[in-house]
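Presented below is the structure to which this report refers.
Values in this text are rule-based calculations from the coordinates and carry no lab data. The shown structure was predicted, so the numbers you read here are calculated from the model rather than taken from an experiment. For neighbour counting, all protein chains shown are included, and Cβ atoms are generated from backbone atoms with ideal geometry for every residue, glycine included.
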Amino acid sequence: QVQLVESGGGLVQAGGSLTLSCAASASIFRLNTMGWFRQAPGNQRELVAAINSGGGTNVADAVKGRFTVSRDNARNTVYLQMNSLKPEDTAVYYCNRVPVRGTPWGQGTQVTVSS
């Protein structure tokens, strides 16, 4: 079964931290690059961080130095550590493989950063 389950979102004040988790089915996770995406109201979904099966990472300029992506291959889980959060980080956060290739999206997890 193809499945992605995101968790860990919430309401946090600017400057705070959150850690998101994404549990993926093995068919999605294994040997694939996994990414964290976000979508704010009125905006397109954007890729903010990605990690390949060997642990190599890439993060978007908007979150560089603040967000860290990691993965636990034994648990088929990918994480997003978010520090120094800003109001503009407010969005629904999703994970998926990169490229998505039609993999169904999970429900996402809401992150709200208050000023």
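The residues packed around Asn96, meaning those with a beta-carbon under 11 Å from its beta-carbon, carry a net charge of +2 if Lys and Arg are +1 and Asp and Glu are -1.
Using 0.36 nm per residue and subtracting the Cα-Cα separation, the extra length available between Thr68 and Lys86 on full extension is 5.0 nm. What residue among Asn76, Asn96, Asn43 shows peak mean-square fluctuation when the chain is described by a Gaussian network model with Cα springs under 10 Å? Result: Asn43 has the largest fluctuation of those listed. Once you reduce segment 100-114 and segment 1-72 to the center of their Cα atoms, the two points are 9 Å from each other.
Can you work out the FRET efficiency for the pair Trp105 and Asn58, with r the C-beta to C-beta distance and R0 = 25 Å, to the nearest 0.05? For Trp105 and Asn58, the calculated efficiency is 0.75.
Among the trypsin sites (Lys or Arg not before Pro) in segment 16-115, those placed in a DSSP loop whose Cβ has at most 10 other Cβ atoms within 10 Å are Arg101. Given points 7 Å out from each Cα along the Cα-Cβ axis, report the Ala40 to Gln3 separation in nanometres with one decimal. Output for this residue pair reads 3.3 nm.
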